[in-house]
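Worksheet: one structure, shown below.
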Amino acid sequence: MMSPVRSRENRKHSQANRSLNFSLPKRASSQIKNRIHHLPSISNNSTCCSNSNTSSPPQSCSKLEDDQIDMSPVSQNTFQDPLNYFAYEDFNSILPVTINGVKILKVDWSYFSAPPNILSRWKAHCFWTVGYTFDINMRKMKKSQNIKYRLVIQSWCCLNNKSWVKNKWDRLLEHETGHYLIGCLCALEFKQKADKFKYTKNYRMECTKLFQDTFQFYLQMEKQYDEETNHSQNVSKQKEWNQFIKSELLRY
């Protein structure tokens, strides 16, 4: 038996998109054994109501952007939401929650602490980051002398402090919560697939590809989320997505 080797690896990303018509990626069914690694590798993307992406990774979830921002304070409601006659509490009953080690927050406007971008047409912008670390266990089999690799994954999704808001409406908060929860689904799906994947000596590359593929899938889901809900303005579609996101979370 080889003595277990331990090191650590870190991957980060930000944001995801997809639609109610999407079929979930197939989960790997093979069970495995491992050993852990930790390499700094960050890639970042941010989307939301503006569907914008940033290719340069933030140093942490609290890093702020320095581009066009309005330094003036934001009031609770700049003016009344024209759709305020609906109830926007669909996620309140399930949050906060921890699923398979992924901590999922109950989002409120305090997480949208960055000064708003005055040049943006959007009333709020949610930036989330998804990432993971893993430990790698490596074991040499007695008969075949083959080495089995097992990665112990810890994945996460957080809102970072680049998120901002202009109009603190309940409808917008529900919509932005949906964006964040899609990121949480990305973290959960990746962990589930990575825990079952049968790795080789190229486990770093294999895990990175698994992460990238999952991330891109949920970026596409998030894009469709905005398109179908019209950035929260289509209330009936928003309600459909809320139920879909909740049911997806409960699958894990």
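All of the numbers you see were taken from the coordinates with simple rules; none came from a lab. This one's a predicted model, so the numbers in the text were calculated from it and none came from an experiment. Cβ placement follows ideal geometry from the backbone for every residue including glycine, while neighbour counts extend to all protein chains displayed.
Residue pairs exceeding 19 angstrom between C-alpha atoms, taken from K123/K162; K106/K168; K140/K209; K140/K193; K193/K237: K140/K209; K140/K193; K193/K237. Label-to-label distance, L105 versus N230, with points set 7 angstrom from Cα along the beta-carbon direction: 3.0 nm. Here the calculated FRET efficiency for M205 and S113, from their Cβ-Cβ distance with R0 = 41 Å, stands at 0.65, rounded to the nearest 0.05.
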